[in-house]
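The values are calculated or read from the model by the stated rules, or taken from the named source; none is laboratory data. On a predicted model such as this, the values are computed, not experimentally measured, just so you know. Because the Cβ atoms are built from the backbone with ideal geometry, glycine has one as well, and the counts that use them run over all protein chains shown. Calculation scope for accessible area: heavy atoms of the full protein, side chains included, ligands and nucleic acids excluded. Shrake-Rupley method; radii C 1.70, N 1.55, O 1.52, S 1.80 Å.
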Amino acid sequence: MAAAADPAADQNPNPKGAKPHEPNAEAEFAEEEYDEDGEEEEYEEEEEEELDGPAAAAAERERVQSVFQRLSSDPVAIRVHDVVIEGNTKTRDEVIEAEVADLLRAAPTVQDLLHAASVATSRLHRLEVFDAVKITLDAGPPELPGTTNVVIEVVEAANPLTGSAGVYSKPEARSWSLEGSLKLKNPFGYGDIWDASGAYGWDQTTEVGVGVYLPRFKSIPTPLMARASLSSQDWLKFSSYKEQLLGLSFGLLSTMKHDLSYNLTWRTLTDPSRASSMAIRRQLGHNLLSALKYTYKIDQRDSLLRPTKGYAFQSTSQIGGLWDNKGLRFFRQEFDVRGAVPLGFYNAALNVGVGAGVILPLGRGFMNSSSTVPDRFFLGGQSSPVCSVSGLSSLLGFRKRGVGPTEARRLDPNESGSGSAAPPGRDYLGGDLAVSAFADLSFDLPLKLFRDAGIHGHAFLTAGNLAKLSEGEYKNFSVSQFQRTFRSSAGVGIILPTKLFRVEVNYCYILKQAEHDSGKTGIQFSFSSPM
């Protein structure tokens with residue numbers, strides 16, 4: 001007689017030490033009795049009187065409870081005999097098998113198999129090509145006691161074409177953008193997702209791109225990605241140049257912790273204002289960027305929007321100048337490490353983090369060469385330093401790209417002879433060496449209304465600095481001077497978390513800034529996403 005068991009039931013079928021099941025996992029199995037060696041016990045069938053109504057329901061509940069008690073007390077050995085896939089009219093069997101078959105076959109006990117079914121269900125949902133996934137554990141062939149057949153039932157997406165559009169704000173740049181995307185799911189049955197996206201910003205930032213994503217292809221064990229894009233970014237307000245990128249990017253390796261990609265980009269820098277500084281003018285024109293980028297990331301924090309415990313680490317390495325000696329040649333390394341510690345009062349937690357990065361040109365006499373301005377490090381901006389693990393943190397209170405080495409722009413030729421020309425302003429050039437740090441104390445507010453809505457307060461301290469090392473400037477670098485010139489800010493604020501992003505209303509006070517930095521004490525708004 002068969003019985004159905006749900007791993008999300010009130011009684012926990014996991015033995016001590018078994019892994020927890022995901023709440024949305026769904027699995028059914030056939031009841032069998034096994035001895036310690038995993039063989040079916042022999043027993044004599046006894047005639048039972050037929051039960052009707054409440055008596056039959058009570059007997060069925062008692063029998064199911066006995067199954068749960070058996071699973072809760074001791075591991076029950078089992079072996080997967082076959083994996084059967086149903087419902088996939090378009091998706092190829094090998095795509096589903098590559099995602100979950102090895103995981104299911106490796107389970108030595110019923111408890112492990114139930115957990116593996118939970119993980120397998122989650123993996124198949126992450127492919128984004130199925131509306132529903134159900135995994136059933138049935139009894140194996142009678143001649144093979146102690147075995148089971150795993151049946152995977154999928155419902156493919158009813159509408160393979162999806163799209164989205166929206167208007168997004170960027171407070172640190174005081175701009176808005178209109179963005180939209182279209183996705184075509186699984187047209188060739190490989191779990192492939194084809195997408196086209198576009199964005200237009202009121203600050204004259206535009207981007208269009210098309211790409212394809214393959215979760216598995218042939219014997220390649222990791223997902224593959226390819227994308228072509230054309231983008232234009234206006235940095236005239238900050239550094240007197242516009243940047244246009246036409247490129248191809250390929251995702252070569254992508255796992256939970258590792259990511260390896262290759263980018264081939266044709267970059268063009270122009271200065272329509274004709275007022276850029278000498279440092280910017282030397283870099284105007286066309287360049288080829290052929291770069292390999294590797295990222296290692298681990299994030300063990302309990303939350304992305306309000307971490308209260310755990311740690312995170314990210315290392316990003318990039319080498320430019322592959323294949324073409326005439327292209328941009330550099331090595332860029334960036335680190336980010338942070339942690340959160342609960343403090344035990346008012347749900348308070350202390351988040352601290354440190355980030356550092358360096359970029360060096362490659363080639364003969366590299367320390368006397370110049371690094372490229374778009375690839376240098378910049379500090380500033382109003383996004384929260386707590387959420388995303390992406391390298392250098394924000395420096396609250398300072399304008400985006402508003403910190404670090406600068407150089408005076410040249411006067412407008414049409415105004416230089418009038419005698420009343422305004423000061424030309426300065427270009428922010430970024431740094432070859434960058435260090436940033438932050439400390440953030442979050443705590444619940446006393447009103448229960450705020451606590452129930454997740455609204456809480458925080459106090460923060462941020463600091464950072466940039467230095468130029470290329471073009472022989474490393475000879476003038478001093479660690480003590482670098483420490484003395486650290487910029488810093490402090491403040492308090494209220495945080496309004498949502499499902500998608502974190503909204504902050506902060507009062508920032510500038511503790512220290514250099515002569516040409518763009519920092520301002522006052523109220524600032526921040527919209528930050530953990531992605």
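Distance check, please: which entries in LYS293/LYS468; LYS185/LYS237; LYS448/LYS520; LYS185/LYS499; LYS183/LYS293 exceed 32 angstrom between their Cα atoms?
LYS185/LYS237; LYS448/LYS520
Let me spell out the model: positive unit charges on the Cβ of Lys and Arg, negative unit charges on the Cβ of Asp and Glu, origin at the Cα centre of the stretch 64-156. What dipole size does that give, in debye rounded to 20?
Roughly 260 debye, rounded to the nearest 20.
Evaluate E = 1/(1 + (r/R0)^6) for TYR474 and LYS512, where r is the Cβ-Cβ distance and R0 equals 22 Å; express this FRET efficiency to the nearest 0.05.
Given R0 = 22 Å and the Cβ-Cβ separation, E is 0.35.
Would you please classify the overall shape of the stretch 204-314 from the alpha carbon gyration tensor, given that a ≥ b ≥ c denote the square roots of the eigenvalues, rounded means a/c under 1.5, and beyond that prolate means a/b larger than b/c while oblate covers the rest?
oblate
Give me the number: length gained by fully extending ASN159 to ILE494, i.e. 0.36 nm times residue separation minus the C-alpha to C-alpha distance, one decimal in nm.
116.5 nm
Give a quick list of trypsin sites (Lys or Arg not before Pro) in the stretch 444-516 that DSSP marks as loop, anything other than H, G, I, E or B, with at most 13 other Cβ atoms within 10 Å.
Counting only loop positions with at most 13 other Cβ atoms within 10 Å, the trypsin sites (Lys or Arg not before Pro) in the stretch 444-516 are LYS499.
Identify the trypsin sites (Lys or Arg not before Pro) of the stretch 318-397 meeting these criteria: DSSP loop state and at most 14 other C-beta atoms within 10 Å of the C-beta.
Passing both the DSSP loop test and the Cβ count: LYS326, ARG364.
Among the chymotrypsin sites (Phe, Trp or Tyr not before Pro) in the stretch 252-319, which ones are in a DSSP loop with at most 16 other Cβ atoms within 10 Å of the Cβ? Mind listing them?
none
For the pair LEU292 and ARG63, what calculated FRET efficiency results from E = 1/(1 + (r/R0)^6), where r is the Cβ-Cβ distance and R0 = 56 Å, to the nearest 0.05?
After rounding to 0.05, the efficiency reads 0.40.
For the stretch 64-156, what % of the accessible area comes from carbon and sulfur atoms, probe 1.4 Å?
In the stretch 64-156, the share of accessible area belonging to carbon and sulfur is 48 percent.
Roughly how many nanometres apart are two label points built 7 Å out from the Cα toward the Cβ at ASP82 and LEU304?
4.1 nm
So for each of 130-139, 99-108 I average, over its residues, the number of other beta carbons within 10 Å; can you give me the resulting order with the highest mean first?
Taking the mean over residues of other Cβ atoms within 10 Å, the ranking is 130-139, 99-108.
Normalised by the residues of the stretch 64-156, what does the relative contact order come to in percent, with Cα pairs under 8 Å and at least six apart?
38 percent.
Label-point separation (nm) for ASP131 and LYS520, each offset 7 Å from Cα along Cα-to-Cβ?
5.1 nm
I want to verify the translational diffusion coefficient of the stretch 64-156 in µm²/s; compute it with Stokes-Einstein, Rh as the Kirkwood radius over Cα pairs, at 37 °C and 0.692 mPa s.
Using the Kirkwood radius from Cα pairs, D works out to 237 µm²/s.
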